[in-house]
Amino acid sequence: GEDVEQSLFLSVREGDSSVINCTYTDSSSTYLYWYKQEPGAGLQLLTYIFSNMDMKQDQRLTVLLNKKDKHLSLRIADTQTGDSAIYFCAERGASGGSYIPTFGRGTSLIVHP
Amino acid sequence: GAGVSQSPSNKVTEKGKDVELRCDPISGHTALYWYRQSLGQGLEFLIYFQGNSAPDKSGLPSDRFSAERTGGSVSTLTIQRTQQEDSAVYLCASSSRSGTSDTQYFGPGTRLTVL
């Protein structure tokens, strides 16, 4: 079945850029998502990218997609302590059973002063 | 407007008891998903409802798990004869299944602890 892999932890200094990486196996992935989960809360959609795009920028967030290598990354510029959370990568297809997203295990981002 | 709500927020139960978890999706959302999040694990898909179609139950881990969605709105996830390995956070999400991105909106989850 489909698989989504992420590193489990990332530690950065406040003000630096963070880059969270994700790889996936489903070549028919149509949408790729980044979600943020703060302690005790559900998942909040940060951004998504359609598979025919290779980059999307939204304020401090930049998403890069390398479809050939099935690699997705999320860059957070000027990382703040409020960015500390778990970040989940997810992918899904366009129809049928593939409509259900597959999530990675999440990357815990720790921002220290 | 109101987001996805779930109740209870925390549930502690004894092994062997049945539990019911509730999800109130965003009004008008036709799709509803249940996931399980265990410590250090990603989201494990459990079940998916879309409109009046038969639900996709392919993620339910055993026949002790069941879910229903009444009137196309509120959903209840039932776990019978709970086991310690059922301890997890149970997340519900809904979406409108319109547009291209089909954004899922998640509730805060129910933390289930089976003693």
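The values are calculated or read from the model by the stated rules, or taken from the named source; none is laboratory data. Everything numeric here is computed off the predicted structure, so don't read it as measured data. Cβ sites come from the backbone with ideal geometry, for glycine too, and all protein chains shown count toward neighbours. With ligands, DNA and RNA removed, areas are computed over all heavy atoms of the protein, side chains included. Shrake-Rupley method; radii C 1.70, N 1.55, O 1.52, S 1.80 Å.
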Determine ³J(HN,Hα), in whole Hz, for all residues of the stretch A:72-81 in sequence, where each value follows from phi through the Karplus function 6.51 cos²θ - 1.76 cosθ + 1.60 and θ = phi - 60°; x replaces Gly and Pro.
-> 10, 9, 10, 10, 10, 7, 6, 4, 10, 4
Can you spot the aspartates and glutamates whose alpha carbon is less than 18 Å from B:K15's alpha carbon? Ignore those fewer than 8 places along the same chain.
-> B:D63, B:E85, B:D86
Given the alpha-carbon gyration tensor of chain A, what are the semi-axes of its equivalent ellipsoid in whole angstrom, ordered largest first, with each equal to the square root of 5 times an eigenvalue?
-> 24, 15, 12
Accessible carbon and sulfur surface of the protein assembly as shown relative to its total accessible area, %, 1.4 Å = 47 percent
Among the listed pairs A:K70/B:K57; A:K70/B:K11; B:K17/B:K57; A:K56/B:K57, give every one whose C-alpha distance is greater than 31 Å.
-> A:K70/B:K11; A:K56/B:K57
Per residue value of the accessible surface for the stretch A:18-113 (all protein chains in place, 1.4 Å probe), Å² = 44 Å²
Computed on protein heavy atoms with a 1.4 Å probe, what is the summed buried accessible area for the chain pair A and B, in Å² to the nearest 100?
-> 1600 Å²
Projected label distance in nm at B:T103 and B:E85, using a 7 Å step from Cα toward the beta-carbon = 3.7 nm
Cα pair distances exceeding 23 angstrom across the protein assembly as shown, given as percent = 48 percent
Given labels modelled 7 Å from the Cα in the Cβ direction, how far is it in nm from B:E14 to B:L115?
-> 0.9 nm
Any idea how far apart A:D26 and B:T78 come out in nm if each label point goes 7 Å out from Cα toward Cβ?
-> 3.0 nm
So what is the relative contact order of chain B, in percent, for Cα pairs below 8 Å that sit 6 or more residues apart?
-> 37 percent
Take peptide B:14-23, look around each residue's Cβ out to 10 angstrom, count Cβ atoms belonging to other protein chains, and average those counts.
-> 0
Over chain B - Rg/Rh using Cα atoms and the Kirkwood inverse-distance radius = 0.96
Per residue of A:104-113, count partner chain C-beta atoms within 10 Å of its C-beta, then hand back the mean as an integer.
-> 1
Chain B - accessible surface per residue (Å², probe 1.4 Å) = 48 Å²
Just give the residues from the stretch A:35-80 buried by at least 50 square angstrom of accessible area in the all-chains context relative to the isolated chain, probe 1.4 Å, and say none if nothing qualifies.
-> A:L43
